[in-house]
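Below is one structure; the comments refer to it alone.
The values are calculated or read from the model by the stated rules, or taken from the named source; none is laboratory data. Every value quoted in this text rests on a predicted model; they were computed, and no experiment measured them. Every residue, glycine as well, gets a Cβ built from its backbone with ideal geometry; the counts of neighbours run over all protein chains shown. Ligands, DNA and RNA are excluded from the accessible area calculation, which covers all protein heavy atoms including side chains. Shrake-Rupley method; radii C 1.70, N 1.55, O 1.52, S 1.80 Å.
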Amino acid sequence: MTVHPRIADPRPIPPRPTPSRRASSGIAWPWLDRAGRLSRFKLAVFLFALAPGLWFTAAYALDRLGAKPLTAYLHAMGDWSVRFLILSLAVTPMRRIANAPKLILVRRMLGLTALAYALVHFTLYITDQKFDLARVASEIVFRFYLTIGFAGLLGLVVLGVTSTDGMIRRLGKAWPRLHRLVYPLTALALLHFFIQSKIDVSNPVYWSGLFLALMGWRLMHHFKVPTAPLPLLGLSVAAGLATAGLEALWYALATGVPASAVLSANLDFAYDVRPAWWVFATVVLIVPLNLWQNRTASGGKGSAAKGPISRPAQAH
């Protein structure tokens, strides 16, 4: 009598590999890692991405957005689109500065969140125009700030459609070149933000200052300036000064207020703390973070500031 080999073999039978939730469902859920397992970090960022939209939607439904609730709602969605766009651009610098490679896991999510808020912003604008598409098209053509806003939206749609792994493989070397368009598109979004803010431009000035800081970091990286505390301190000072200059230039061109008066207001804390100081305070926080991370990494593989960017998705 023959014995079945599986019965005769005393070793335990290994379990069959279980297909990942991503593979079994066919959906790449944003809170799962590439192996299909739950990523607490990605889940936290996903919930953070949803929070502003849910909050303003609830506030609109409960009539808590003031005398013009729809206008406040659509402006809030546009504001958050710009914020998430800037946050997505901050991923690569912060990976190096804070030695935090896991941040790359959420950059695509942040970029798509910016696109989602921009689409909601545009949809609410159409709603505000009573779904009169002819009027919407006319406004886009004849109002400059709407023209640049719509151009920025179209560009973000292109980047969103080509952000998948399949498109990265299909486009090859052209993919990084295409996605570098995110920088001029962000500039367009910020200009749209400035113009529609009209009188008080403190918010767009602040986020523009952070964008200038990110561009400054890229310039440092291009010229191989080390990502170290002293150069980063210089970056924070330069970002604050550039923000003050940007605010002064905007008011001088838009309202005729002398640039010297705006620059003087940046040194007067009796009335308000100007965006330049908030930009400086935000950027300077990376200095102790970088110092601490460099010290903790010195016993291991070293600071990530010296590591190369190894994936094509790192182009931003």
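Of note:
- Computed over the range 54-191, the convex hull of the alpha-carbon atoms projects to a mean area of 10.1 nm².
- The residues of the chain present an accessible area of 59 Å² per residue when probed at 1.4 Å with all protein chains retained.
- For the range 45-203, the share of accessible area belonging to carbon and sulfur comes to 70 percent (1.4 Å probe, ligands and nucleic acids excluded).
- In a simple Cβ point-charge model (Lys, Arg +1; Asp, Glu -1; nothing else charged), the range 85-149 has a dipole of about 440 debye relative to its Cα centre.
- Over the chain, relative contact order from alpha-carbon pairs under 8 Å, at least 6 apart, %: 17 percent
- Over the range 69-121, all Cα pairs binned in 5 Å intervals from 0 give whole-percent P(r) values of 5, 23, 24, 17, 13, 9, 6, 3, 1, listed from short to long.
- For the range 216-247 and the range 49-128, distance of Cα centres in Å: 26 Å
- Exposed-site-free run, longest, the chain (rule: chymotrypsin sites (Phe, Trp or Tyr not before Pro); DSSP loop; at most 12 other C-beta within 10 Å): 1-130
- Ranked packing of 162-173, 229-240, 87-98, most packed first, by mean Cβ within 10 Å: 87-98, 229-240, 162-173
- Volume per residue of the convex hull around the Cα atoms, evaluated for the chain, comes out as 226 Å³.
- Counting 0.36 nm for each residue step from T282 to A228 and taking away their Cα separation leaves a gain of 17.8 nm.
- Summing Cβ point charges (Lys, Arg +1; Asp, Glu -1) relative to the Cα centre of the chain gives a dipole of roughly 1800 debye.
- For the range 39-86: Kirkwood Rh in Å [reciprocal of mean 1/r, alpha carbons]: 11.6 Å
- Rounded to the nearest 10 degrees, the angle from helix 275-284 to the longest Cα principal axis of the chain is 30 degrees.
- In degrees, nearest ten, helix 229-254 long axis to first principal axis of the chain (Cα): 40 degrees
- Using a Förster distance of 22 Å, the FRET efficiency for A134-L70 (Cβ separation, nearest 0.05): 0.65
- For L32, the residues whose amide H sits under 5 Å from its own are S39, ignoring neighbours fewer than 5 places away on the same chain, with H placed 1.01 Å from N.
- Remark: spin-label model distance A252-I104 equals 4.3 nm, labels positioned 7 Å along the Cα→Cβ axis.
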